[in-house]
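Here the structure comes first, spelled out in structure tokens, and everything after it is commentary.
Bear in mind that the values in this text are calculations on the coordinates, not laboratory data. Since the structure is predicted, the reported quantities are computational estimates derived from the model, not experimental observations. Neighbour counts are summed over all protein chains in view; Cβ atoms, including those assigned to glycine, are modelled from backbone coordinates with ideal geometry.
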Amino acid sequence: MYRTHTCGQLRIENAGETVTLAGWVQKCRKLGGMTFIDLRDRYGITQLVVNASEGELMQTAASLGREFVIQATGKVIERSSKNPKMPTGDIEIEVTALKVLNKAQTPPFTIEDVSDGGEELRAKYRYLDLRRNPLRKALELRHKIAHEIRNYLDAKSFLEIETPYLIKSTPEGARDFVVPSRMNPGQFYALPQSPQTFKQLLMVAGYDRYFQIVRCFRDEDLRADRQPEFTQIDCEMSFVEQEDVLNTFEGMMRTLFKNVLDVTIPNPIPRMSWYDAMDFYGSDKPDIRFDMKLHEITSLVQGHGFSVFDSVEYVGAIAVKGAAEYTRKQLDELTEWVKRPQVGAKGLVYIKLNADGSIKSSVDKFYTPEQLAKVAETAGAEKGDLVLVLCGPKRKTQTMLGVLRIEMGNRLGLRDPLNFAPLWVVDFPLLEWDDETNRFYAMHHPFTAPKPEHLDLFYSNRKEDLEKVCANAYDFVLNGTELGGGSIRIHEADVQERMFEVLGISKEDADYKFGFIINAFKFGAPPHGGLAFGFDRVCALFGGQETIRDYIAFPKNNQGRDVMIDSPSYIDQEQMDELCLNSTAPKQE
Ligand code: ASP
């Protein structure tokens, strides 16, 4: 037996017992004839004391370095100087036998809660980084959440069923990762962007409640917090309407919050239509922890000779509480900020409602104080507030105002990560027109059904009609982050065919790519719907963090590389030949 206890287990009640511990040397200190060793494992740290100034025991103790793996046997004794900060801080082990199980090179960074290692270095030695408490806690949280999800869904008769990874393209809107097939020369599998089509086929097969905590693969340019492979809590149900799906998963989220964080979230979770989300928050994932809504002021400001406003579709404003004190310099800086490509505004107009009742604005020349006061009032401003105004095409400007709103929320400290404000965004448009390619795209994915009452519009050939079609599609939003989304699906072959037609996918192409599912719908497909949550993101938000990387044991970096195993990497010519691949990419060493 390597150990009788873990390094986090022993307490004063164990005093007098002879125990054996195994673990890693966190640190070693010599004090006179005594050596103190902090021994660490996943469960905690226990202090060992070697009380010998000569002999084999002392020599072994003297040979130890950081991260050596050792086994120590000795008696649990009460410490003379206790450490109340450590759960094991009342005791220490008076060592009688010490064995080095394995030596270790000096680690390239300190294995402490706050390490001295840079991100790149820690990624390269991820297995050492994972020894640190913050990462261990993140993975423990992940495990706990997964466990709670399984318990909840199992109790609700969901079956956990695995679906294949080597499949054909799934249309979630990103690029596919592909895998060449040696046995079928020149042909490729695609890795699933999600198990979407398979879970729907399971519904056709009669498995009316399915879930899977499953890896998904999307070859996207990796913006800040994305991973090429990530995990979804993927779910589907048959014989349901939107209400059934929302209730089931609202229950799941409520249970997770309660059991994992002991947090009670609102019951019911508020709902907002996609249109309201865009009009009032400039985002399809509003952060409702703070107000600062968007207000349209177009009709108030047009026709007063200010050509910038007169020539646009939409003028909108937000009122920032208590920010009338912003200096000229701060306003200039904010104007530069909104002009950055990430925001994309052409300029920023402000109105200050000073505490003394006076009004100061960057468009004083064009408007009377009364007119400006009216605008400020419409924007919901009071004395001491700052009104910020952007203008341009409606949705684009709303989106920019939404980004500005979040920025001002950050600056005002209104976005406490431990204040949880969940929200369902519902009633999404089914389709999204793209001017560049001159065609419709599915806002969610092509298996989302039009609302039954919009079927007539859906079969219309007019763009204006199709733009009005809504779907029973929904997103679960938490603190301004989309945590999940889903929809009621199409379950009739003819409607599915119409969908592909609306999306400009030819019949041949639809048959080639999705013939299997259209076919399946001809064999008695039940009405069904579902959703998927981003599991990594759920974990990160529950941990009060914005980045998912710490919640994944072995993540990739921003270039999609695993720097620890140094992948992706070149394969040798023989393997390329076998897979019928010809590389034109230059090989770089
Ligand atoms: N497959 C969808 C996604 O990955 C989720 C769903 O509709 O269930 O976004």
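Miscellaneous remarks
- Shape call, the range 1-157: gyration tensor on alpha carbons, a/c limit 1.5: oblate
- In order through the range 423-434: 3J(HN,Hα) via Karplus (6.51 cos²θ - 1.76 cosθ + 1.60), integer Hz, x for Gly, Pro: 7, 9, 9, 10, 6, 5, x, 6, 10, 10, 7, 10
- Dimensions of the range 304-455 along the principal axes, based on C-alpha atoms and rounded to the nearest Å, stand at 57, 44, 31, largest first.
- Applying both filters, DSSP loop and at most 11 other Cβ atoms within 10 Å, to the GluC sites (Glu not before Pro) of the range 5-111 gives 54.
- Stokes-Einstein, applied to the Kirkwood radius of the range 70-155 over Cα pairs at a viscosity of 0.692 mPa s and 37 °C, places its translational diffusion at 198 µm² s⁻¹.
- Shape of the range 300-366, Cα gyration tensor, a/c cut at 1.5: oblate
- Farthest towards the positive end of the charge dipole of the range 354-478, among the residues 472, 404, 437, is the Cα of 404, using unit charges on the Cβ of Lys, Arg, Asp and Glu.
- Shown here are the Rg and Dmax of the Cα trace of the range 172-295, at 19.0, 60 Å.
- Applying a DSSP loop filter and a limit of 14 other Cβ atoms within 10 Å to the trypsin sites (Lys or Arg not before Pro) in the range 310-410 leaves 346, 365, 383.
- Principal axis box of the range 275-338, alpha-carbon based, largest edge first, Å: 38, 35, 19
- The convex hull defined by the C-alpha atoms of the chain has an orientation-averaged projected area of 37.0 nm².
- For the range 408-419, the Karplus equation 6.51 cos²θ - 1.76 cosθ + 1.60, evaluated at θ = phi - 60°, returns couplings of 5, x, 5, 4, 8, x, 9, 10, 5, x, 9, 9 Hz by residue, with Gly and Pro reported as x.
- In the range 488-542, the alpha-carbon atoms span a convex hull of 120 Å³ per residue.
- Percentage of interatomic Cα-Cα distances in the range 378-510 larger than 27 Å: 38
- Gyration tensor (alpha-carbon) shape descriptor, the range 475-587, a/c threshold 1.5: oblate
- Within the chain: Cβ-based charge dipole about Cα centre, in debye rounded to nearest 20 (Lys, Arg +1; Asp, Glu -1): 1680
- Environment charge at residue 239 (Cβ cut-off 13 Å; Lys +1, Arg +1, Asp -1, Glu -1): -3
- Axis of helix 507-520 versus longest Cα principal axis of the chain: the two differ by about 60°, to the nearest ten degrees.
- Angle in degrees between helix 328-339 and the longest Cα principal axis of the chain, rounded to the nearest 10: 80
- Largest to smallest principal axis extent of the C-alpha atoms in the range 196-269, angstrom: 37, 37, 18
- Helix axis angle, 133-155 relative to the chain longest principal axis, alpha carbon, degrees: 60
- The range 1-93: chymotrypsin sites (Phe, Trp or Tyr not before Pro) in DSSP loop, at most 13 other beta carbons within 10 Å: 2
- For the range 271-285, the Karplus equation 6.51 cos²θ - 1.76 cosθ + 1.60, evaluated at θ = phi - 60°, returns couplings of 10, 9, 6, 4, 5, 5, 4, 5, 5, 9, 10, x, 7, 8, 9 Hz by residue, with Gly and Pro reported as x.
- Filter on 82/124; 85/144; 75/144 - keep pairs with C-alpha separation over 32 Å: 82/124; 75/144
- For the range 423-483 versus the range 73-118, the spacing of their alpha-carbon centroids is 58 Å.
- Interchain or long-range residues, amide H under 5 Å from residue 448's placed H: 490
- Taking the alpha carbon gyration tensor of the range 1-72, multiplying each eigenvalue by 5 and rooting it gives semi-axes of 20, 14, 11 Å, largest first.
- Cut-off under 5 Å, modelled amide H: who pairs with residue 484 long-range: 476, 534
- Sum of side-chain charges, residue 91 neighbourhood, beta-carbon under 15 Å (Lys, Arg +1; Asp, Glu -1): -2
- Lys/Arg +1, Asp/Glu -1 at C-beta; the chain dipole; positive extreme among 493, 143, 446: 143
- With the gyration tensor restricted to C-alpha atoms of the range 239-317, the semi-axes of the equivalent ellipsoid amount to 40, 15, 8 Å, longest first.
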